[in-house]
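A.B. asks: Below is the structure I would like to discuss, written out as structure tokens.
The values are calculated or read from the model by the stated rules, or taken from the named source; none is laboratory data. These numbers were taken from a predicted model, which means no experiment stands behind them. Counting neighbours? That spans all protein chains shown, and the Cβs are built from the backbone with ideal geometry, glycine included.
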Amino acid sequence: MPAPRSLSSAVAIAIVRLAAPWIALAAVFLILPTIFHSGSALTMLSLIGIMIVFTLSYNMLLGETGLLSFGHAVYYGLGGFLAVHAMNTVIRNALPVPLLVVPLVGGFSGLLFGIIFGSVSTRRAGTVFAMISLGLGELVASSSLILRGFFGGEEGVSTNRTKLLHVFGLNFGPQIQVYYLIAGWCLLCMATMYALTRTPFGRMCNAVRENPERVQFVGYNPRMLRFIAFSLAGLFAGIAGALAAINFELVNSAEVGAGQSGLVLLAAYIGGIGSFIGPVIGAILVTWLEVMLSDVTDVWQLYFGLLFIGMVMFAPNGIAGLLTMHAPLWQARAYGSMLRLALAYLVALVPALVLLAGLILVIEMTYHLSVKMSEGRTISVFHVALDSGSAMPWVVAAVLTCGGFWLFRLTWPVVGAAWHVALVRAQAERRTK
Amino acid sequence: MLELVTISTLNGVLYGMLLFLMASGLTLIFSMMGVLNFAHASFYMLGAFFGFQISQILGFWPALVAAPVLVGGIGALVERYGLRHVHRHGPVAELLFTFGLAFVIQEIVQMIWGKGPADYRVPAALDFSAFTVFSTNYPAYKMFELLTAVAIFAVLFTVLTRTRVGLIIQASLTHSHMVAMLGHNVPRVFMLVFGVGTGLAAVAGVIAGPALVTQSNMAGALGPILFVVVVVGGLGSLAGAFLASLLIGLVQTFAVSVNVSVADVLGSIGVAAPAGGVLFDVWDVTVAQIAPIIPYLLLVLILIFRPTGLMGTREH
């Protein structure tokens, strides 16, 4: 029998273990702006924080409960709109409400609309749910262009975040203050959503995803579980929307539209819907790509779509899935075979990069030749000036693409073999231990 | 009033038949592979742009044949080298694959033809008025669209229900293992259906392109309506898709021509509109304005009260 003292110390250790990752994350959030302190970096960090909340809320549906939604931006956008209207009301009547609690308004509106729309759409899962979510999304998006008073028409509704009640001497004018506001809410939402996945409710959501019939056999109502998960996802999406509204001081009807719904789906899936960390990776990557790629090329969304299709075809568990695939090797400490695997990856990487370069060349030259003809035929790809009107660059692009593809097909079996060997060795070593 | 009804009916039936041209392919693909092809409207858009490009060089009539063949070929390739591999990851992955495909096609079209509308015009041979109803000239091109759509519907229905090929396709839907045992190549049947389905969407694109606007957002505008059609009609039911296409075509066309607002209705029963507030717009909204919303309202209502759709037999 353990003594009471050791029991309490065991509890303390458990609490520390539980809290440690979150404390570490909080520290990272605190330190990040001191490393990336330029204006554009701060903006990007804020956007990433918003996107993490939004993507994780989406994954409560797709990853945890198995509900594929094509209209999640409805709750994000409506949360944003109601937050902006609330802020404007507060400003107009000089109410004693600080900016810190405005995301709650977004959260509650997201929850409210989640409850309303969830009650009609969560009766069924699968394709029917996906279609209803699409229909509801289009319904709200079309309404946003009609109800101009509420949605502000084309230009949207703007606000001023500095005019609210100032507490602790914060006026939220500088971006750094807004970053810390977003980071704080992001941390809170992440911890809450993670905790939710660990509750019996979260586990039953996974069960509903896997086998709703068996869930009924053990006495739960799958529809009710889907409904609760849907409403909660609406809540967190609403918080994300309110954070975005605070960040931009503007919300327009594009925020409730199909584009935003598609973006969050892309982010969650590319990151990996099978784990909690996946959507976070996806949100970071997608936001970063959105900002970086749109600076470099006008057709960045095409690369984005191609990346998504590639993930769906070859890595359905996303980036997080690719990483966790290697966990058994790491755990078995099979460093020798891991090194060989890394070499095989390097061998396949070269033709893959060649193929990629060829594809980029084709895409950029096509784009230039067809749309931006007026700016002359010369373009610069990878800082190399090319004449997209002459035959030579096209031949080079074709050779790179086809040659890269051919070589990749040749080298890929090497990777497959190395992977197989590494996995078998790792399993064998595990067994001997 | 009679004039309005006649013209609206004609236009509604025409729009409905165009919807059906696409919905037929979509619903066939769905019943075969259990995949709702998110990119179906994108193939329609490809058809319109291919038709535009080919008609610039060869004229309209060769384009009417060549564009659907090309798009159908692309569709078959997508099935063979894309969708077939995704199939093992389950239906969600398939839906996501077609979602990504729609995204990519949209971007490619924007990349090649730009964001503005293409100058795709009605061919000169059909650029006259067919007849005059109540002082309104009805363009011959619209009659041509209508006749083409009806002809394709007739051919499709005959092939599916009266021929050996149709028999194999229908059997592949329900008893794919048995069909394979009998020596038919079921994956190739799937590929052909996907190719023909996307080709049909392209036909719709070629003939609708000049009448509507050929622009890179045409897929995004039509895609969701197409889903409404197949879901309202009942997933996998060709007759249901036909009925729903006509229904939505007529409802939308009639709604556009009705100019009654909420304020008018409430005013007639003695309720005054509020003076201000963020929701004052609700009172000014006319039926014509909410015409784009009606299909989605219909979709949501149907899915709540009759999830199998009008003619569907299966619940998914």
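A.B. asks: Applying the selection to the range B:1-22, what residues are under 25 Å from B:PRO91 (Cβ atoms) and either modelled with pLDDT under 85 or over 15 Å from the mean Cα position of the chain (by Cα) (or both)?
C.D. replies: Once the filter is applied, which keeps residues that are under 25 Å from B:PRO91 (Cβ atoms) and either modelled with pLDDT under 85 or over 15 Å from the mean Cα position of the chain (by Cα) (or both), the range B:1-22 yields only B:MET22.
This table checks each residue for (1) part of a helix (DSSP H, G or I); (2) assigned by TED's automatic domain parsing to the domain that holds A:HIS420; (3) crowded, with 18+ Cβ neighbours inside 10 Å.
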| site | (1), (2), (3) |
| --- | --- |
| A:MET311 | yes, no, yes |
| A:GLY336 | yes, yes, no |
| A:ARG340 | yes, yes, no |
| A:ALA344 | yes, yes, yes |
| A:ALA348 | yes, yes, yes |
| A:LEU356 | yes, yes, no |
| A:LEU361 | yes, yes, yes |
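A.B. asks: Given the criterion touching an Asp or Glu at 6+ places or on another chain (Cβ under 6 Å), not in a loop (DSSP other than H, G, I, E, B) and not β-branched (Val, Ile, Thr), identify the matching residue among A:CYS205, A:CYS189.
C.D. replies: From the options A:CYS205, A:CYS189, the qualifying one is A:CYS205.
A.B. asks: When you look at B:VAL271, is it hydrophobic (A, V, I, L, M, F, W, C), surrounded by 14 or more Cβ atoms within 10 Å (Cβ to Cβ) and either modelled with pLDDT under 70 or in contact with a Cys (Cβ under 6 Å, 6 or more places away or on another chain) (or both), yes or no?
C.D. replies: No.
A.B. asks: Among A:VAL53, A:VAL84, which is in a helix (DSSP H, G or I), away from every other protein chain (no Cβ under 13 Å) and surrounded by 22 or more Cβ atoms within 10 Å (Cβ to Cβ)?
C.D. replies: On inspection, the qualifying residue turns out to be A:VAL53.
A.B. asks: In the set B:VAL86, B:VAL104, which member is touching a Gly at 6+ places or on another chain (Cβ under 8 Å), without any contact (Cβ under 8 Å) to a residue 40 or more places away in the chain and either among the β-branched types (Val, Ile, Thr) or away from chain A (no Cβ under 14 Å) (or both)?
C.D. replies: B:VAL104
A.B. asks: Sticking with this structure for a sec: Conditions: (1) within 30 Å of A:LEU302 (Cβ to Cβ); (2) crowded, with 17+ Cβ neighbours inside 10 Å. B:GLY114 meets all but one. Number of the miss?
C.D. replies: Going through the list (1) within 30 Å of A:LEU302 (Cβ to Cβ); (2) crowded, with 17+ Cβ neighbours inside 10 Å, B:GLY114 breaks only (2).
A.B. asks: If you go through the range A:60-77, how many residues are away from chain B (no Cβ under 13 Å) and either part of a helix (DSSP H, G or I) or over 15 Å from A:PHE129 (Cα atoms) (or both)?
C.D. replies: 6
A.B. asks: Restricting attention to the range A:151-162, does a residue exist that is over 17 Å from A:ALA244 (Cβ atoms), out of contact with any Ser or Thr (no Cβ under 7 Å at 6 or more places or on another chain), crowded, with 20+ Cβ neighbours inside 10 Å and of a type outside the set (Asp, Glu)?
C.D. replies: No.
A.B. asks: Can you name every one of the helices (runs of 4 or more DSSP H) wholly within the range A:102-161 that holds 2 or more residues which are under 22 Å from the mean Cα position of the chain (by Cα)?
C.D. replies: A:102-121, A:126-146
A.B. asks: Sticking with this one: Report yes if B:ALA211 is part of a helix (DSSP H, G or I) and either out of contact with any Gly (no Cβ under 9 Å at 6 or more places or on another chain) or within 16 Å of B:ILE29 (Cβ to Cβ) (or both), otherwise no.
C.D. replies: It is false that B:ALA211 is part of a helix (DSSP H, G or I) and either out of contact with any Gly (no Cβ under 9 Å at 6 or more places or on another chain) or within 16 Å of B:ILE29 (Cβ to Cβ) (or both).
A.B. asks: Out of the residues in the range B:152-185 that are among the β-branched types (Val, Ile, Thr) and surrounded by 19 or more Cβ atoms within 10 Å (Cβ to Cβ), state the one that is nearest to B:LYS142 (Cα to Cα).
C.D. replies: B:ILE169
A.B. asks: Quick test for you: out of A:LEU78, A:LEU45, A:LEU25, A:LEU104, pick the one residue that is over 19 Å from A:LEU235 (Cα atoms), in the same structural domain as A:ALA183 (by TED's automatic domain parsing) and aliphatic (A, V, I, L, M).
C.D. replies: A:LEU45
A.B. asks: Looking only at the range B:156-188, which residues are over 19 Å from B:ALA241 (Cα atoms) and of a type in the set (Phe, Trp, Tyr)?
C.D. replies: Those that are over 19 Å from B:ALA241 (Cα atoms) and of a type in the set (Phe, Trp, Tyr): none in the range B:156-188.
A.B. asks: Which of the residues belonging to the range A:163-200 are crowded, with 16+ Cβ neighbours inside 10 Å, at negative phi and among the aromatic types (Phe, Trp, Tyr)?
C.D. replies: Hits for the range A:163-200 are A:TYR179, A:TYR180, A:TRP185.
A.B. asks: Look at the range B:286-316 and say how many of its residues are at the interface with another protein chain (Cβ under 7 Å from one of its Cβ atoms) and at pLDDT below 70.
C.D. replies: Of all residues in the range B:286-316, those at the interface with another protein chain (Cβ under 7 Å from one of its Cβ atoms) come to B:289-290, B:292-293, B:296-297, B:299-300, B:303-304, B:307, B:316.
From what is left, the residues that are at pLDDT below 70 are B:316.
Residues meeting the conditions: 1.
A.B. asks: Go through the range A:38-57 residue by residue and tally those that are without any contact (Cβ under 8 Å) to a residue 40 or more places away in the chain and more than 21 Å from A:ILE281 (Cα to Cα).
C.D. replies: 1
A.B. asks: With the requirement that a residue be within 7 Å of chain B (Cβ to nearest Cβ) and within 13 Å of A:LEU78 (Cβ to Cβ), what does the range A:124-157 give you?
C.D. replies: A:LEU136, A:LEU139, A:SER143, A:LEU147, A:PHE150 - these are the residues of the range A:124-157 that are within 7 Å of chain B (Cβ to nearest Cβ) and within 13 Å of A:LEU78 (Cβ to Cβ).
A.B. asks: Can you tell me how many residues within the range A:136-149 are crowded, with 20+ Cβ neighbours inside 10 Å and touching a residue at least 40 places away in the same chain (Cβ under 8 Å)?
C.D. replies: 6
A.B. asks: Mind checking which residues of the range B:122-144 are surrounded by 15 or more Cβ atoms within 10 Å (Cβ to Cβ) and not hydrophobic (A, V, I, L, M, F, W, C)?
C.D. replies: Those that are surrounded by 15 or more Cβ atoms within 10 Å (Cβ to Cβ) and not hydrophobic (A, V, I, L, M, F, W, C): B:PRO123, B:TYR138, B:PRO139, B:TYR141, B:LYS142.
A.B. asks: For the range A:260-303, what are the residues that are of a type in the set (Ser, Thr, Tyr), assigned to a helix (DSSP H, G or I) and within 12 Å of chain B (Cβ to nearest Cβ)?
C.D. replies: Across the range A:260-303, the qualifying residues are A:SER261, A:TYR269, A:TYR303.
A.B. asks: Which residues, counting only those in the range A:304-320, are of a type in the set (A, V, I, L, M, F, W, C), over 18 Å from A:SER275 (Cα atoms) and more than 8 Å from chain B (Cβ to nearest Cβ)?
C.D. replies: The answer is A:LEU307, and nothing else.
A.B. asks: Turning to a different aspect of this structure: Could you look through the range A:66-81, keep only residues that are in contact with a Ser or Thr (Cβ under 9 Å, 6 or more places away or on another chain) and within 21 Å of A:ARG124 (Cβ to Cβ), and pick out the one that is surrounded by the most Cβ atoms within 10 Å (Cβ to Cβ)?
C.D. replies: Once the filter is applied, the top-ranked residue is A:TYR75.
A.B. asks: In addition: What number of residues in the range A:388-433 are within 12 Å of A:VAL362 (Cα to Cα), touching a helix residue (DSSP H, G or I) at 6+ places or on another chain (Cβ under 9 Å) and exposed (fewer than 14 other Cβ atoms within 10 Å of the Cβ)?
C.D. replies: Residues flagged as within 12 Å of A:VAL362 (Cα to Cα), touching a helix residue (DSSP H, G or I) at 6+ places or on another chain (Cβ under 9 Å) and exposed (fewer than 14 other Cβ atoms within 10 Å of the Cβ) within the range A:388-433 amount to 3.
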